[in-house]
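Note sheet for the following structure.
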Amino acid sequence: MKNRKKNFIAACLLLLVSVSASLAQTGSVRGFVYEKESGEPVIFTNVVLEGTTYGIATDVNGYYNITKLPTGDYTLRVSYIGFDTVRVNIKVGNGQIVNQNAYLKKQDIRLGTVVISQEALKKTTEVDVAVETITPKQIKHIPTIGGEPDIAQYLQILPGVVFTGDQGGQLYIRGGTPIQNVVLLDGMVVYNPFHSIGLFSVFDTDILRNVDVYTGGFPADYGGRISSVMDITTRDGNKSNISGKVSAGTFNSKALIEGPIVKSKTENGGSSSFIFSAKNSYLKESSKLLYTYIDTGGLPYNFTDLYGKVSLNSSNGSKLNLFGFNFRDKVNYQFVSDLDWKASGFGSNFILIPGASPTLISGHVSYSDYGISLAEADAKPRTSEINGFNLGLNFTYYPGKDEIKYGVDVLGFKTDFNFTNSVGRKIEQQQNTTELAGFVRYKIAREKFLLEPSFRAHYYASLSTFSPEPRLGGKYMVSDKLRLKFAGGFYSQNLISATSDRDVVNLFYGFLSGPDNLQKTFDGKDVKHNLQKARHLIAGFEYDLGEHLDLNVEGYVKDFNQLTNLNRNKVFDDDGDNADKPDALKKDFIIERGKAYGVDFLVKYDFKRMYIWAVYSLGKVTRHDDVQSYSPHFDRRHNVNLVASYTFGKKLNYEANARWNLGSGFPFTQTGGFFPKQNFQDGINTDYVSSNEELGIYYGELNGGRLPYYHRLDVTVKRKFYIGERAEMEMILGVTNAYNRENIFYFDRVRYERVNQLPFMPSFGLNMSF
């Protein structure tokens, strides 16, 4: 017996020594990949060790980390489209972390010779379910409207995205409303990313590095929203030279400047840089001259966007960014309404590379403020404001080909809302709230499959509610060409919209935090919490039809099991005198449930001079409000987007872009009839016999009808002129709604007038980069 114990103990000690020895015989190599000319990180670059199976793609910061390498000598190879391949000899010792940055130099080759795809490695190392990664290069394939490409125009072509109109339109992502989409700018929450005319965002395309749009099933890194995520990363300023861009077009003008503050004295030395961008619209003024057939008063939209950033970089790749913005939007519909909103914010984010640890540390802290006011000729003004801070701290660890990420998020904000409905009942709210969250995500990478379980614990302090949210994503490589994938999870949010989801056209985009003044029962059951909640399930496959031709198919279901909506039907004050009245007539907010389901098909071709993007989306969205079931106004059954871009000319300095969009009609509530309506403005003293009556409307079934199909063709032709080694000029000619389709914007029932979306609109732009 004693000998057995001794043998067992000896075996355990031998095992521990063997494991320790095996661990000690490994090391790692990490670093950043930069453009040699500007110092900007190169994202999604292939980094491999030649002659081995070890390799990885750089992340959005240009960072790579290859761990658990057997000790020995290696050749590190870094390759990317349009750059010379870099090879570096490295030696990995026992338990050693080798820091090796790489600087890529642009190749002196023409576009037509490019045959390498940088996405091949990413397809097998990332789960990538219900997410589209967008770069400025892709945005520029879309026909420009007014002379400058814009992310707002590109988002409209993504699978599952429905856009409700050129004027005052909003983006609805796989059945979710705009309030259910979180927009992050370098970690900062941006509360309104789009201007009132739906063609432009607040972001300058030339400051963007990367945009990840999750249309559902997103991992636990993100929270506080129940539908989708748009995560925007801006680039650093040029670390080597002063450069910039100025442009002017028929809609707006822009200026951008960037450059080094302190240049690096050596290739791997520390440095600092800046970038500043300003955009200004003069559409209201220019449209009076160019588009007099629209309205003699011009298109009533104007905006101004300012953004600035300073980057401080250390020699080992650690860095600190400081940034701020100010966005402003103004709309003036003569004799109808005046809308004004402004947003401002400042913050910082950082990346920290510990010297003796393979862990990557990142974080952000920021403060932002957003306020909007709307004054209408026939209604009392409404206002909404939200301001507050958000901060996060994340840790990423790379055990071999796996990845573990965990962190914490803290969000605090104040909302202030005032609104008076059509029967004179006032709805107002002032509230402070705090949200605390922690998450962990583990990506398991094996030869044939990727599995990514994650978990988020989210606490809403103002509602004293804790929300546990498990999530799971995965991908299985059936063959070199076919990959199956899935994602899903539980989601929650506190914020609600300051407008009703039933408003077809509403430029007023305000915010409220989760209210206490909710109905107590729904579908005959007690309401247990005031959070909005949803569950997602997404499944599909990727298939490589050819070397440069890809097919992506995804089916989805979003179950919005509790939603909060503004109560347009409130007619009684919620007090003791009306205790016997139903909640649906006295509460400020109502509860709804909904479902969104559909399937999206995407075919993409990208090779040499040609880029083709074809999307077909089939979807359905339903809502139930405890009284009736209906289709919300953004429920579009069929949606088609075709995009083509072709580069041509002897020097490849011409480019033609075209986009055609076809969408089936949106639901609308039909008019059943009219009647004389007495509003009793003077109360019991109203002379109802002789006083003038208003026109009352009998409405049909809620959203029981369908509008006509929408379709529009946009075309752009570009011509580049190379002025010098570092300077070029670009001339842009474009047409919006090329065949002048009369797409309906809204119908004024009282005036019996139809208002259409944008008509045939030619545009011209000229820009110079240096």
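The values are calculated or read from the model by the stated rules, or taken from the named source; none is laboratory data. This is a predicted model, so every value here is computed, not measured. A quick note on method: Cβ atoms are made from the backbone with ideal geometry, for glycine too, and the neighbour counts reach across all protein chains shown. Surface areas here come from the heavy atoms of the whole protein model, side chains and all, with no ligands, DNA or RNA. Shrake-Rupley method; radii C 1.70, N 1.55, O 1.52, S 1.80 Å.
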_Suppose accessible area is computed on protein heavy atoms with a 1.4 Å probe; arrange Asp573, Asp212, Asp305 from highest to lowest._
Asp573, Asp212, Asp305
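Once you keep just the Cα pairs under 8 angstrom separated by 6 or more residues, what percentage relative contact order results for segment 467-598?
Numbers: 258 pairs, mean separation 31.4, N = 132.
Once normalised by length, the contact order is 24 percent.
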*Using only the alpha-carbon atoms of the chain, report the extent along each of the three principal axes, biggest first, to the nearest angstrom.*
105, 82, 47
*Output ³J(HN,Hα) for segment 230-238: one whole-Hz value per residue in order, computed from phi by the Karplus curve 6.51 cos²θ - 1.76 cosθ + 1.60 with θ = phi - 60°, and x for Gly and Pro.*
10, 9, 10, 10, 9, 8, 7, x, 4
*Name the residue farthest towards the positive end of the dipole of the chain from the options Phe541, Phe760, Ser366, assuming +1 on Cβ of Lys and Arg, -1 on Cβ of Asp and Glu, about the Cα centre.*
Phe541
*Normalised by the residues of the chain, what does the relative contact order come to in percent, with Cα pairs under 8 Å and at least six apart?*
10 percent
*Show which aspartates and glutamates lie in cross-link reach of Lys718 when reach means a straight Cα distance below 15 angstrom and same-chain residues fewer than eight apart are skipped.*
Glu148, Glu655, Glu728, Glu730
*Residues whose placed amide H lies under 5 Å from that of Asp166, excluding near-sequence neighbours*: Leu758
*Can you spot the lysines whose alpha carbon is less than 23 Å from Lys284's alpha carbon? Ignore those fewer than 8 places along the same chain.*
Lys254, Lys330, Lys342
*Quick one: what are the phi-derived ³J(HN,Hα) couplings along segment 579-585, Karplus 6.51/-1.76/1.60 with θ = phi - 60°, whole Hz, x for glycine and proline?*
4, 8, 7, x, 4, 5, 10
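Shape call for segment 519-622 from the C-alpha gyration tensor, a ≥ b ≥ c root eigenvalues: rounded (a/c under 1.5), prolate (a/b greater than b/c) or oblate? The partial results should precede the final answer.
Details: a/c = 5.29, a/b = 3.39, b/c = 1.56.
Taking the square roots of the gyration eigenvalues as a ≥ b ≥ c, segment 519-622 is prolate.
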*When each of Lys137/Lys414; Lys239/Lys443; Lys309/Lys414 is checked by Cα-Cα distance, pairs over 31 Å*: Lys137/Lys414; Lys239/Lys443
*Compute the Cα gyration tensor for segment 154-206, then decide on rounded, prolate or oblate, letting a ≥ b ≥ c be the square roots of its eigenvalues: rounded whenever a/c is under 1.5, prolate when a/b is larger than b/c in the other cases, and oblate in all that remain.*
oblate
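Out of every Cα-Cα pair in segment 455-572, what percent are more than 24 Å apart?
Working: 3336 of 6903 pairs.
It works out to 48 percent of all Cα pairs.
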*Per-q log10 I(q)/I(0), segment 239-292, q = 0.20, 0.23, 0.27, 0.28 Å⁻¹ (Debye; single scatterer per alpha-carbon; no solvent)*: -0.73, -0.83, -0.96, -0.99
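Mean separation of Cα pairs under 8 Å and 6+ residues apart, divided by the residue count of segment 375-501: what relative contact order is that in percent? Write out the running numbers ahead of the final one.
Values: 259 pairs, mean separation 21.1, N = 127.
Relative CO of segment 375-501 lands at 17 percent.
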_On a 1.4 Å probe surface of the protein chains, which of Arg749, Arg593, Arg623 comes out largest in accessible area, and what is the full order?_
Arg593, Arg749, Arg623
*Computed accessible area, His195, all protein chains, 1.4 angstrom probe, square angstrom*: 10 Å²
*Could you give the distance between the Cα centres of segment 534-582 and segment 348-386, to the whole Å?*
24 Å
_Calculate log10 I(q)/I(0) of segment 575-653 for q = 0.21, 0.27 Å⁻¹, where I(q) comes from the Debye formula with a single equal point scatterer on each Cα and nothing for solvent._
-0.97, -1.19
*From the backbone phi of segment 434-448, what are the Karplus-calculated ³J(HN,Hα) couplings (6.51 cos²θ - 1.76 cosθ + 1.60, θ = phi - 60°) in whole Hz, Gly and Pro given as x?*
9, 10, 10, 8, x, 9, 9, 9, 10, 9, 9, 10, 10, 4, 10
*With every protein chain kept in the model, how would you rank Thr133, Thr67 by accessible area, 1.4 Å probe, largest at the top?*
Thr133, Thr67
*Work out the length of the dipole vector of segment 147-286 about its Cα centre, built from +1 on the beta-carbon of each Lys and Arg and -1 on the beta-carbon of each Asp and Glu, and round it to the nearest 20 debye.*
180 debye
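Given the chain, what percent of its DSSP beta bridges are antiparallel, to the nearest 5? The partial results should precede the final answer.
Details: 310 of 321 bridges.
For the chain, the DSSP antiparallel bridge percentage is about 95.
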_Probe 1.4 Å - accessible area at Val365, Å² to nearest ten_ = 70 Å²
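Pairs to check: Lys123/Lys558; Lys288/Lys380; Lys426/Lys570; Lys91/Lys405. Give those whose C-alpha atoms are more than 19 Å from each other in this structure.
Working: Lys123/Lys558 25 Å; Lys288/Lys380 30 Å; Lys426/Lys570 9 Å; Lys91/Lys405 28 Å.
Among Lys123/Lys558; Lys288/Lys380; Lys426/Lys570; Lys91/Lys405, the Cα-Cα distance tops 19 Å for Lys123/Lys558; Lys288/Lys380; Lys91/Lys405.
Dividing the Cα radius of gyration by the Kirkwood radius, what Rg/Rh value follows for segment 406-498?
1.22
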*Quick one: accessible surface of Ile591, probe radius 1.4 Å, all protein chains present, in square angstrom to the nearest 10.*
0 Å²
_Estimated 222 nm signal from helices in the chain, with DSSP H stretches of n ≥ 4 weighted -39500 (n - 2.57), rounded to 500_ = -2000 deg cm²/dmol
